[in-house]
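As structure tokens, the structure follows; a few thoughts come after it.
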Amino acid sequence: MSWGKKIWQTLIGTREEFSGSERTFHMVCLAATLAMILGTTQNIILGLEELVYTMAAVFVLLFFCYILSRVYRKFIAGWGIFVSFCAVILGINYYFNAGLDGPTLITTFIILIFFFAISPVKLAWGFSLIMISLFGVIIYCDFHGLGPNVVPYESRADKYIDIYFSYAWTLLIVLAIFYRIRSDMRVQNDTLRSQKEALEKSQEELEASNQELNRLFSIISHDIRNPLISIEGYLEVLEKDDLDPEEDARMRGELLNLTKSSSSMLDHLLTWSKGQIHGHRFYSKQVQIDEEFEGTLALIEDLCTKKGVVFESDIPDDQQVICDPDLMVIVVRNLLHNALKFTSEGKSIGITSVVQDDHWVLTIYDQGQGMSQDKQDSLFTLEAKSTFGTNNEKGIGLGLILVKEFIDQHKGSISCQSKIGEGTTFIVTIPQKEG
């Protein structure tokens, strides 16, 4: 901001401090004060001594009204004094300055414009009617010869000089008022434009969110309904009780897998929906990783044993990190379950944990199916298509969305490296600086 603008804002006040009417009042008071100085000089030259004293008094009053509003923040009081005194000045100007043959008409015009420009809405019309009525009284007096009988000008030229300069300073004030109005209108237009752009952006985000929700509910209705239908079918078949032991064991295993898959999907859905409604509570603190993950790793190791998958864990004893342990347990559980889901018997999955360069790096890897680049690009979004695991495990993709949200809350990052047929590695990085 230039020094000129800084001075100007200091004189009339900023938009944050004062309303448009108040700032216009300050500006007009300053412009009118300048006009009074010019008018006083003009009247000294013309020899109009009565008006010299009058304008000097007006100068003092204008400055007082300006100080009252700008410094003491009493706009209504300053405005009221100014308006009242303007009415008196109008009458004095008429009587001592050649009646309607002088600049009274111009003075009345500028006073009315000033009222409409800065007056509070509730008071503007009332004071304007008073000024119009006062001007009507002046017209009546002039028509009936009740006005001044002495023309104060020494020559005809002085009269037109007075009118010209009165017009000049009146025009100065009018221009100042309209400049202020146009400036405020420009700011308001810019504000409205910004609000419109923000509204349009919010609308686009809302539409995108609705599309995601529609897709989510579509996935839920399909991926939860189908397992339930399959479970119902298996149960109907098992009710017949005429299956051979091998077929019975196979169907019971399928039934167990479907039940676990459906339970996992519902767990993810409930966690995700709770976070969307209430937000996920985040509480970061220093924790010991091997203790926090002990139960989760024991469960995964048991599941790996049942599936015939080797589980490898490289988490140093007593390793201290800063995180929200509740959220990170969910992250680790989801990533390890995914690793196990897509890894065949005889292969391995694992987890490593290191702290380096003020970052905690957690790596979860598997020797499973791997995935294409297209699928990697759609991870952590609802665009990701659910995939059956090696034992026909099914999911709706919410697990990785939760993982991404929880890592974001830690101001961390997650990346994926994968090749079809060679396995997948997820790398989670969490900063270790508190605050």
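Put a dot 7 Å past the Cα of Thr259, heading toward its Cβ, do the same for Val237, and the two dots end up 1.6 nm apart.
Taking amide hydrogens as placed 1.01 Å from N in the peptide plane, the amide H of Val310 sits under 5 Å from those of Gly346, Lys347, Ser348, Ile349, each at least 5 positions away in sequence or on another chain. Between Leu172 and Glu200, what's the calculated FRET efficiency when r is the beta-carbon distance and R0 is 41 Å? Round to 0.05. Once rounded, the FRET efficiency stands at 0.45.
With Cα atoms as the point set, the radius of gyration and Dmax of region 287-359 evaluate to 12.7, 38 Å. Remark: the Ile67-Ile37 segment gains 9.0 nm on full extension, using 0.36 nm per residue and subtracting the alpha carbon distance.
Tell me, in nm to one decimal, what length is gained between Asp302 and Gln417 on full extension, where the rule is 0.36 nm per residue of separation less the Cα-Cα distance? Can you show the working numbers first?
Values: separation 115, 0.36 × 115 = 41.40 nm, distance 2.61 nm.
My answer for the length gained is 38.8 nm.
Once the Cα-Cα distance is subtracted from the 0.36 nm per residue extended length, the Asp190 to Ile139 segment shows a gain of 13.9 nm.
Only the coordinates and a few stated rules stand behind these numbers; no lab work does. If you're wondering where the values come from, they're calculated on a predicted model, not measured in any experiment. Counting neighbours? That spans all protein chains shown, and the Cβs are built from the backbone with ideal geometry, glycine included.
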